[in-house]
1. Accessible area per residue of the chain at 1.4 Å probe, in Å²?
2. Roughly to the nearest percent, how much of the accessible area of the stretch 1-135 is carbon and sulfur, given a 1.4 Å probe?
3. Roughly how many debye, to the nearest 20, is the charge dipole of the chain about its Cα centre, given +1 on each Lys and Arg Cβ, -1 on each Asp and Glu Cβ, and no other charges?
4. So what's the convex hull volume per residue for the Cα atoms of the stretch 16-94, in Å³?
5. What does the charge add up to near residue 224, with Lys and Arg as +1, Asp and Glu as -1, over the other residues with Cβ less than 11 Å from its Cβ?
6. Would you compute the Debye intensity of the stretch 96-283 from its alpha-carbon atoms alone, equal scatterers and no solvent, and pass along log10 I(q)/I(0) at q = 0.10, 0.11, 0.13 Å⁻¹ to two decimals?
7. Could you state the angle between the C-alpha long axis of helix 220-234 and the longest principal axis of the C-alpha atoms of the chain, as a value from 0 to 90 degrees rounded to the nearest 10?
8. Would any residue of the stretch 41-83 have its amide N under 12 Å from a label point 7 Å out along Cα→Cβ of residue 35? List them or say none.
Amino acid sequence: MTAITLVQKVKNLPTVSEAALKLLSLLDQSSVDNEDIVQVLKYDNVLTAKLLRACNSPSLGLQESVSSVDQAVLILGHQQILRLVMTLAFGGITKIASMAYTMEVNELWEHSLVSATAVEIVIADLPESDANASVAFTAGLLHDLGKLVLGQTVGADDLAEIRDRCERKQISGSQAEQEVLGLDHAEVGGALLRSWRLPLGIVEAVENHHRPVTKPEPRLSALVHIANVIAHHASPVPGQNLHDLRVADTVAAEWGINEEKLDHMVGAARQYLEHVERFMAMA
Ligand SMILES: [Fe+2]
Ligand SMILES: [Fe+2]
């Protein structure tokens, strides 16, 4: 069993809009023009409609009503627009229930949204990370998509064995997946994003979020790794274990993350929970 064969076996993942994938490749470029974003979005009616609905919902708190993509980009600025579009475009996928993986409808989506928000908090706290905020946000949003693939392609017995090993041996989910399947959800998520031709930085960050890379650059996987831990503290999901709550020693040492710093970032993430829940109810 390889990550690619599992990705090829998935039948039920909704397709991601071409416009969202095009925008993702724009994210990787250092200078993105508002006009480039508008042009890509204009050809996707569904995404445009969702975007305008989001802009006019109370959860965004905009003062004026928004009636066109151009206006939305002008008011929000391209970084915020990109994050909002990524959230709307990929929300449908992470919203899928994966009961086999003991995740209920919306649980993975909430964890993904909190993780994406947490990446921004980490970047604000670690200015030396010099990551592109929209790229990092998107990597946080997509980091656990591999769980959906596993939930749909791996047999119930193997999934039960993974859950059982986590509890019995007190090992991480990713370690238990490695033992039972010979690969983990991070690797599978990376293969899925590669098949969508997402920017390599995002693919690598997703692939390595449980084996974070701190050197050499890029260190996006380490940012997503920390954000995942923050999200587990701020908004616990059923079945999470102690390993979900610890930052890897190498990352903690590299960026001086002690308990106090982690608590501070978790506190900041908690302040966004209500916003995340309001957003989920609307999108
Ligand atoms: Fe994960
Ligand atoms: Fe996660």
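1. Details: 12880 Å² over 283 residues.
Averaged over the residues of the chain, the accessible area is 46 Å².
2. Carbon plus sulfur share of accessible area: 52 percent.
3. My answer is approximately 600 debye.
4. On the way: hull volume 6.6 nm³, N = 79.
For the stretch 16-94, the hull spanned by Cα atoms encloses 83 Å³ per residue.
5. -2
6. Calculated log10 I(q)/I(0) at the listed q: -0.36, -0.44, -0.63.
7. Helix 220-234 sits at roughly 80 degrees to that axis.
8. Under 12 Å, as judged by backbone N against the label point of residue 35, lies no residue of the stretch 41-83.
The values are calculated or read from the model by the stated rules, or taken from the named source; none is laboratory data. Note that the structure is a prediction, hence the values are computed from the model and not measured. For neighbour counting, all protein chains shown are included, and Cβ atoms are generated from backbone atoms with ideal geometry for every residue, glycine included. Ligands, DNA and RNA are excluded from the accessible area calculation, which covers all protein heavy atoms including side chains. Shrake-Rupley method; radii C 1.70, N 1.55, O 1.52, S 1.80 Å.
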